[in-house]
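Following: one structure in structure tokens, then a few remarks.
The values are calculated or read from the model by the stated rules, or taken from the named source; none is laboratory data. Keep in mind it's a predicted model, so treat the numbers as computed, not measured. Please note: Cβ atoms are built from the backbone with ideal geometry, for glycine as well, and neighbour counts cover all protein chains shown.
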Amino acid sequence: MKVIATYNLKGGVGKTAAAVNLSWLAAAAGQRTLLWDLDAQGAASFYLRVKPRLAGGAAELIDKRRNLARAIRATDFDRLDLVPADFSYRNLDLELSDHKKSTRRLGKLIAEVADDYDLVFLDCAPSMSVVSENVFNMADVLLVPLIPTHLSLRAFDQLVRFRETHTDGGAELLPFFSMVDRRKRLHRELIIAFAREHPEVLRSFVPYASAVEQMGEHRAPVNVYADASSGGRAFRALWQALAERLGIAPAP
């Protein structure tokens, strides 16, 4: 089982869209896939038509009075399951801090379902916190969406420094660009300059596209309702690039 976290300390960069669409494409490619919505806002749960509610809340899960398997819900799509968000996740840092080895506790929960899934995607809230340290320690890959702006790239540098000083996790950092408008010279220039300094960046990017914005209207992954759109094609290319890095079969 491999764990992929869509993570950025900056909000509004396309983390949830990436988590939902890539987890759907992974499942469509035959991978037994679990998506854990770790954001109290519950956007991933909303997109997948699952009520953002966890019986007993975060406390029962962290205290291990409820195992992760009991929190998993099926989605409308084959091979794609979801651990829904819960509003109590807003206190997840506090719940974790009350326990020994607080930066490893979420990883132990994931380990309980390791035999049931090939891939686990984590849709993470924008923060630098105890939850972040858990994510860094348990993820194999940190998939980092970046908007081609100076502030977004600055946030990436902050993430790199935080990860180096606050965790011993060996997660591979895989940035990619999101909400790209190729008509803008600044977008083009920043992408080229970043790729020159960061060879690890995925060469597939997600454009600023209406089909992606319509996820809230359709409450479904882009490829379900607009597979041939620029957004649908972009997520397929991004999945293929990610699958190649992970050494698994890409989507057909």
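On inspection, Leu61 qualifies as in contact (Cβ under 8 Å) with a residue 24 or more places away in the chain, crowded, with 17+ Cβ neighbours inside 10 Å and more than 22 Å from Ala29 (Cα to Cα).
Restricting to region 112-133, what's the tally of residues that are farther than 19 Å from Gln41 by Cα and either at pLDDT below 95 or part of a loop (DSSP other than H, G, I, E, B) (or both)? Residues meeting the conditions: 8. Going through (1) surrounded by 17 or more Cβ atoms within 10 Å (Cβ to Cβ); (2) within 22 Å of Met128 (Cα to Cα); (3) out of contact with any strand residue (DSSP E or B) (no Cβ under 6 Å at 6 or more places or on another chain) one by one, Pro52 falls short only on (2). Taking Leu54, is it in contact with a Leu (Cβ under 7 Å, 6 or more places away or on another chain), without any contact (Cβ under 8 Å) to a residue 40 or more places away in the chain and either at positive phi or not small (Gly, Ala, Ser) (or both)? Taking the combined requirement at face value, the residue satisfies it.
Give me the residue from region 144-161 that is farther than 13 Å from His198 by Cβ and hydrophobic (A, V, I, L, M, F, W, C) and, out of that set, surrounded by the fewest Cβ atoms within 10 Å (Cβ to Cβ). Per the stated criteria, the residue is Leu151. Within the span defined as region 84-93, one or more residues are free of Cβ contacts under 8 Å to residues at least 40 places away in the same chain and in contact with a Gly (Cβ under 9 Å, 6 or more places away or on another chain).
Under the condition of being small (Gly, Ala, Ser) and modelled with pLDDT of 95 or more, which residue from region 162-208 is nearest to Val144 (Cα to Cα)? Walk me through it before giving the result.
Restricting attention to region 162-208, the residues satisfying the condition of being small (Gly, Ala, Ser) are 169-171, 178, 193, 195, 204.
Those still in the list that are modelled with pLDDT of 95 or more too: 178, 193, 195.
Numbers: Ser178: 9, Ala193: 17, Ala195: 14 Å.
Checked region 162-208; the qualifying residue nearest to Val144 (Cα to Cα) is Ser178.
Do the conditions hold for Val180, that is, is it within 20 Å of Ser229 (Cβ to Cβ) and either surrounded by 13 or more Cβ atoms within 10 Å (Cβ to Cβ) or free of Cβ contacts under 8 Å to residues at least 40 places away in the same chain (or both)? When the stated conditions are applied, Val180 passes them. Kindly indicate whether Pro175 is assigned to a strand (DSSP E or B), within 21 Å of Thr16 (Cβ to Cβ) and touching a His at 6+ places or on another chain (Cβ under 9 Å). Spelling it out, Pro175 is indeed assigned to a strand (DSSP E or B), within 21 Å of Thr16 (Cβ to Cβ) and touching a His at 6+ places or on another chain (Cβ under 9 Å).
When residues of region 109-135 are filtered for being farther than 18 Å from Gly30 by Cα and either touching a residue at least 12 places away in the same chain (Cβ under 8 Å) or under 15 Å from the mean Cα position of the chain (by Cα) (or both), how many remain? Matching residues across region 109-135 total 17.
Of the helices (runs of 4 or more DSSP H) entirely within region 1-84, those holding at least 3 residues that are within 17 Å of the chain's Cα centre (by Cα) occupy 15-28, 43-47.
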